Protein chains: 2
Amino acid sequence: MKILIAGGDGYCGWASALHLSARNHDVTIIDNLIRREWDFEHNLNSLVPICTIDERIQEWFRLTGKKIHFVNVDVTNYSEICKIINCEPKFDALVHFAQQRSAPFSMIDHEHAIRTHINNTVGNMNILWALHEYSPNTHLVKLGTMGEYGTPNIDVEEGFINIEYNGRSDRLPYPKQPGSFYHLTKVSDSDQINFTCRTWKLRATDLNQGIVYGYSTAEVDLSPILANRFDYDHIFGTVLNRFCIQAALGHPLTVYGIGGQTRSFIDIRDTVKCIEIACENPAKLGEYRVFNQFTEMFSVLQLAQLVQQVSENQFNLKCKIAHIKNPRTEKEVHYYNCINTNLCSLGLQPTLLSNETIASLIQLSTKYADRVNLKLIPPQVQWKPDDEETTPNITNGHAH
Amino acid sequence: MKILIAGGDGYCGWASALHLSARNHDVTIIDNLIRREWDFEHNLNSLVPICTIDERIQEWFRLTGKKIHFVNVDVTNYSEICKIINCEPKFDALVHFAQQRSAPFSMIDHEHAIRTHINNTVGNMNILWALHEYSPNTHLVKLGTMGEYGTPNIDVEEGFINIEYNGRSDRLPYPKQPGSFYHLTKVSDSDQINFTCRTWKLRATDLNQGIVYGYSTAEVDLSPILANRFDYDHIFGTVLNRFCIQAALGHPLTVYGIGGQTRSFIDIRDTVKCIEIACENPAKLGEYRVFNQFTEMFSVLQLAQLVQQVSENQFNLKCKIAHIKNPRTEKEVHYYNCINTNLCSLGLQPTLLSNETIASLIQLSTKYADRVNLKLIPPQVQWKPDDEETTPNITNGHAH
Ligand SMILES: NC(=O)c1ccc[n+]([C@@H]2O[C@H](COP(=O)([O-])OP(=O)(O)OC[C@H]3O[C@@H](n4cnc5c(N)ncnc54)[C@H](O)[C@@H]3O)[C@@H](O)[C@H]2O)c1
Ligand SMILES: NC(=O)c1ccc[n+]([C@@H]2O[C@H](COP(=O)([O-])OP(=O)(O)OC[C@H]3O[C@@H](n4cnc5c(N)ncnc54)[C@H](O)[C@@H]3O)[C@@H](O)[C@H]2O)c1
């Protein structure tokens, strides 16, 4: 298949591009490399050093003889997007990762909220209009997030829910309760994609992805020049990756509040398989379908305890858990049960979180320990400045 | 109360500003007068000629001795919005009408979709951030639309719905099915307002308004210089107003498709009362509440028949109904039952659609018949160009 990967220089996008290319798909990446600029702007760095996109692509060609094309394009630039989407032969699939994906980034201030909103929603609208005008057969595979649903007190279905109400019934879009300006953009994207599939007969798969953890994939591991980014900072670092780094450095694992927040998770090795499955089993024309792309649910405290066990048992590292004031406005105790049957029924065989994976991440962190800036770990962005109602600060001194 | 009216030069905003000022509220209007530019750009004109905002305000002062303040501000300009919202004493209420409000306008092309999206969603975000930073006590009264809900097969509640599912239950945001890029902006606004009330403890009332009809209010009728706009064109004209103009001109009433589309309606005299009720009964801090602001439901065909009866019986005008190809993608036969108890329980006494109101609109149209450009009535914006599935074109020659 001819596949366009928007955001292919990022964490999920790069691993997916290599995975699809390895399976002989004809891959083109578009990315404006803005994530590298955001890192620079906020003094952040990937734990693992990453090469330029040109070096990456050359190395892949050297190792495998497979060509990945790259075009530096901003998805918010409509005429450029049209040019790409209109080129012959048309793309079979467009996988859209190219967004600002950090909730804290979107909550820093007005300017970051607007930047996130414009980057994500205008980018998404441009892609929908360009597909409509130039390539309505191309299957859009769009990355959403499990965070769109929030934490309702009923089971989370995949995008839609059958509601019985006052003796009548309908299948309606699942009610969403996004928890940041970032998550709000994803909900808005979903509504737009749903609308255009209904109205223009586009075809799309919305992948509501859980929090991704892990580093290795078969292809990324082939060479240090193919290395993927691994974020540990308070803005782009996600929870399990961050805990492994903290463990490796003898830093307490910083749990926000009591840590009862339960979330959906997925290993990066499964992310790339899900993308492959979605592309190879396209939605029908006019179909808008939603897959919840995760494999397991954990509370934040459970994850901290898993990492603690592995670091103490396998590495003999003393590892404390520090409950710190929760910077976010979110429920710390709640019901959470999400359905994820769609991808499994298309063949996904989940890679469950193992001690081995945690151990490999702790080892990776130890290897690059000198690159870690500890100041970047404690949360600095507050959802509500001076919120009186969040958990009292019970830090042990190290953490914030 | 000190009340800021954003979009106070428009159809609902101008009538509401006068109504609130007449009741001795201290009213400030902000508006960038962009709607007058859009009319110019698309060669549209209000049936009733309207004066400049300065002339309107002066006339109001001359007649009543009451001062309405006006500032020419674009709500997408954050620093200007902050200055206004931060001025002392703070506003008790901010009524937000200042948006691009036409569904066809938003569907013209990519550029109009993006313009609508940016104007509406960035304006809304700016207001939320400015309230958060400078005046969290100000009660936001935001205009949404009944069109956000689409036409689900279950009753439409006011913003939230109690869902029982797999033996558990929750009160969740009502699932939305917006039918244009315009409606999509309103859904996104609602999600953002809900989020900021929860997170920042803002207070807001989201008024999901039905389609507004009518012209007269007690204040607008005082002088021709206070005249309100009355849109009849295919972009901004709404259905009942348009039918009355068509009847007055002996033009067939153009029903889109079979006309079974049922919608919620409200008389402009009730709009202004609803705004007053919302302002005078503010939401609590942290509360996000939704009122469905309409009084009656009609199918498009029902409305055409009502207008036909009045024009034939009272004016002896021959009046045909022409079913034309539906330019929109929407169900033409569907269940529709919407709840509107919140405003009634706060005291709204609905003004139901009467033959008298229809007659007065036909008279108004006759009076200004020479201002009507008939070419502006038939729909020119298609939701989906060359859609095969819509109603066959059964026009009778006059209508497109
Ligand atoms: N990482 C996770 O845990 C996770 C979880 C759920 C969903 N997702 C979603 O998956 C997608 C990819 O996430 P990631 O972790 O790989 O993020 P990332 O920041 O590593 O990668 C995003 C890439 O998109 C590019 N990009 C951003 N805006 C762009 C624009 N306007 N034009 C062109 N390129 C642009 C960036 O330069 C970057 O290379 C995002 O949409 C994200 O919301 C990620
Ligand atoms: N008229 C209806 O039938 C109807 C129905 C449901 C909801 N509404 C909502 O009520 C509100 C008012 O509708 P209306 O019929 O009075 O529309 P209108 O076009 O007559 O008035 C809107 C006003 O807002 C101003 N405006 C637009 N963008 C602005 C910006 N960026 N900065 C400053 N001012 C700006 C315009 O200049 C105009 O004066 C809208 O939000 C609309 O969506 C209207």
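The values are calculated or read from the model by the stated rules, or taken from the named source; none is laboratory data. Owing to the predicted nature of the structure, the values given are computational and were not obtained by experimental measurement. Every residue, glycine among them, receives a Cβ derived from its backbone with ideal geometry; neighbour counts consider all protein chains shown. Just the protein is used for accessible areas: all its heavy atoms, side chains included, with ligands, DNA and RNA removed. Shrake-Rupley method; radii C 1.70, N 1.55, O 1.52, S 1.80 Å.
Worth pointing out:
- Estimated distance in nm for a label pair at A:PHE160 and A:MET1, the labels positioned 7 Å out from Cα along Cα-to-Cβ: 2.1 nm
- Scanning residues 5 or more positions from B:ALA322 or on other chains, those with amide H under 5 Å from its amide H are B:LEU253, B:THR254, B:VAL255, with H placed 1.01 Å from N in the peptide plane.
- Working from label points 7 Å from Cα in the Cα-to-Cβ sense, the A:GLU312 to A:PHE40 distance is 4.4 nm.
- Separation in nanometres of the label points that stand 7 Å from Cα toward Cβ, at A:VAL333 and B:GLU356: 6.0 nm
- Whether the protein assembly as shown is rounded, prolate or oblate, judged on the alpha carbon gyration tensor where a/c under 1.5 counts as rounded: prolate
- Per-residue HN-Hα couplings for the range A:98-107 [Karplus 6.51, -1.76, 1.60; θ = phi - 60°; Hz; x = Gly/Pro]: 7, 9, 6, 10, 9, 5, x, 3, 6, 9
- Sorted from closest to farthest, the other copies place their B:ILE225 label points 7.8 nm away, with each point set 7 Å from Cα along Cα→Cβ.
- The equivalent ellipsoid that matches the C-alpha gyration tensor of chain A spans semi-axes of 32, 26, 20 angstrom, in descending order.
- Buried accessible area, chains A and B (both chains, 1.4 Å probe, Å² to nearest 100): 5100 Å²
- Rounded FRET efficiency, nearest 0.05, which uses the C-beta distance separating B:ILE225 from A:CYS87 and R0 of 51 Å: 0.35
- Computed from point charges on the beta carbon alone (+1 for Lys and Arg, -1 for Asp and Glu), the dipole magnitude for the protein assembly as shown about its Cα centre is near 160 Debye.
- Gyration tensor verdict on the range B:312-389 (Cα atoms; rounded if a/c is under 1.5, prolate if a/b is larger than b/c, oblate otherwise): oblate
- Take every pair of alpha-carbon atoms less than 8 Å apart whose residues are at least six positions apart; their mean separation over the length of the range A:202-281 yields a relative contact order of 42 percent.
- Amide H to amide H, with H built 1.01 Å from N, B:PHE70 comes under 5 Å of B:ILE29, counting only residues 5 or more places away or on other chains.
- Highest-fluctuation residue, B:VAL71, B:VAL122, B:VAL300 considered, GNM on chain B with Cα pairs under 10 Å: B:VAL71
- Per residue, the average separation of C-alpha pairs within less than 8 Å and at least 6 apart gives chain A a relative contact order of 19 percent.
- Each part reduced to its alpha carbon centroid, the range B:123-159 and the range A:362-378 end up 43 Å apart.
- For B:PHE294, the solvent-accessible surface computed with a 1.4 Å probe is close to 10 Å², ligands and nucleic acids excluded.
- Among B:230-236, A:370-376, B:324-330, A:221-227, the order from most to least packed when residues are scored by Cβ within 10 Å on average: B:230-236, B:324-330, A:221-227, A:370-376
- Number of partner chain Cβ atoms within 10 Å, mean per residue of A:192-204: 4
- Computed across the range B:210-280, the Kirkwood radius stands at 13.9 Å (inverse of mean 1/r, all Cα pairs).
- Under 21 Å from B:LYS90, Cα to Cα: lysines that are on another chain or at least 8 residues apart: B:LYS2, B:LYS66, B:LYS67, B:LYS142, B:LYS201, B:LYS284
- Among A:LEU361, A:LEU63, A:LEU128, the largest mean-square fluctuation in a Gaussian network model of chain A (Cα springs under 10 Å) belongs to A:LEU63.
- Extension gain (nm, one decimal) between A:GLU287 and A:SER79, 0.36 nm per residue minus Cα-Cα: 72.3 nm
- Using C-alpha pairs under 8 Å with a sequence gap of at least 6, the mean separation divided by the residue count of the range B:89-223 gives a relative contact order of 32 percent.
- Cβ nearest the rotation axis (B onto A), residue from chain B and distance to the nearest whole Å: B:SER188, 2
- Calculated label separations, A:ASN281, copies of the chain, 7 Å along the beta-carbon direction, nm: 5.1
- Pseudo-label separations to other copies for B:GLU133 - Cα-to-Cβ vector, 7 Å, nm: 3.4
- The overall shape of the range A:165-298 is oblate: from the C-alpha gyration tensor, with semi-axes ordered a ≥ b ≥ c, the ratio a/c is 1.5 or greater and a/b is no larger than b/c.
- Using a Förster distance of 30 Å, the FRET efficiency for B:GLN58-B:LYS375 (Cβ separation, nearest 0.05): 0.30
- Computed over protein heavy atoms with a 1.4 Å probe, the carbon and sulfur contribution to the accessible area of the protein assembly as shown reaches 50%.
- Amide H contacts under 5 Å for A:VAL141: A:LEU94, A:VAL95, A:HIS96, A:THR205, restricted to partners 5 or more places along the chain or on a different chain, H placed in the peptide plane at 1.01 Å from N.
- Solvent-accessible heavy-atom area per residue, rounded to whole Å², over the range A:194-315 at 1.4 Å: 26 Å²
- Contour excess over end-to-end distance, with Cα ends at A:GLU133 and A:CYS51 and 0.36 nm allotted per residue: 25.9 nm
- Centroid-to-centroid, using Cα positions, the range A:311-345 and the range A:15-55 are 27 Å apart.
- Membrane-span-like helices of chain A, defined as complete DSSP H segments with a Cα extent of 15 Å or more along the helix axis and a mean Kyte hydropathy of at least -0.5, are identified as A:11-22, A:123-134, A:268-280, A:300-315, A:355-367.
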